[in-house]
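A.B. asks: This is the structure I have questions about; it appears just below.
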Amino acid sequence: MKKNKTICIIDDEEINQFILTTIIKNLNSDIKILSFNNGEVALNTLTQSLVSKEDMPDIILLDINMPVMGGWQFMDEFVKLQVGSKTAIYIITSSSSPEDKKKAKTYSDISDFLTRPIAASTLKEIIEKDE
């Protein structure tokens, strides 16, 4: 049996973190959720996890526009960290900018670009992939 999934939410808006966490926990209470309010804190924590030989998250739900380190800067640094693990990354944003959608396609590690609001059924599909 596959281990319980870990989902990392990187979003500067507490309400978005709360909504995503609530939906995910309602879908599967065994999922471990890590929440960060900017890409820099998330990147530092994930880097430390690698150093400690801990598992990387199975899924990252990433906002684009954040203070300190936004989603694109996070992606630029995160792709350098990948060592054998495959984390599915989903951009979840309020941006519907064609430029942002085009930019997301330039990262092979980004699984999809989703615009808020996100339906519970969409999160369920994301969670159930690769089970």
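A.B. asks: Longer than 25 Å from Cα to Cα, which of 25/80; 105/129; 53/101; 25/101 are they? Say none if no pair is.
C.D. replies: Long pairs (Cα-Cα over 25 Å): 25/80; 53/101; 25/101.
A.B. asks: What translational diffusion coefficient, to the nearest whole µm²/s, does the chain have by Stokes-Einstein, given a Kirkwood radius computed over alpha-carbon pairs, a temperature of 10 °C and 1.306 mPa s viscosity? Provide the component values of the computation, followed by the final result.
C.D. replies: Numbers: Rh = 14.8 Å.
Approximately 107 µm²/s, per Stokes-Einstein.
A.B. asks: Taking the beta-carbon count within 10 Å as an exposure proxy, list 86, 124, 53 from fewest neighbours to most. Mind showing how you got there, number by number?
C.D. replies: Details: 86 10, 124 14, 53 6.
Fewest to most other Cβ atoms nearby, the residues stand as 53, 86, 124.
A.B. asks: Hey, quick one: spin label on residue 68, modelled 7 Å out along Cα-Cβ, who in region 32-56 has an amide N within reach, i.e. under 11 Å?
C.D. replies: Only 36-45 fall inside the zone, counting backbone N under 11 Å.
A.B. asks: Now, a different point. Under a 10 Å cutoff between Cα atoms, tell me which one of 38, 26, 16 has the largest fluctuation in the Gaussian network model of the chain.
C.D. replies: The residue that fluctuates most here is 26.
A.B. asks: Filter the chain for me: DSSP H helices, axial length by Cα at least 27 angstrom, mean Kyte-Doolittle hydropathy not below 1.0. List them by residue number.
C.D. replies: Helices passing the filter in the chain: none found.
A.B. asks: Here is a follow-up. What does the extension gain come out to for residue 122 and residue 18, with contour length at 0.36 nm per residue minus their alpha carbon separation?
C.D. replies: 35.8 nm
A.B. asks: Mind checking the full-extension length gain between residue 29 and residue 109? Use 0.36 nm per residue of separation minus the Cα-Cα distance, one decimal, nm.
C.D. replies: Here the answer is 26.2 nm.
A.B. asks: If you average the sequence gap of Cα pairs under 8 Å that are 6 or more apart and divide by the length of the chain, what percent do you get for the contact order?
C.D. replies: Result for the chain is 24 percent.
Values quoted throughout were computed directly from the atomic coordinates according to the rules given, and no laboratory measurement underlies them. Remember, it's a predicted structure, so these values are computed and weren't measured experimentally. No Cβ is skipped: glycine too gets one built from the backbone with ideal geometry, and neighbour counts run over all protein chains shown.
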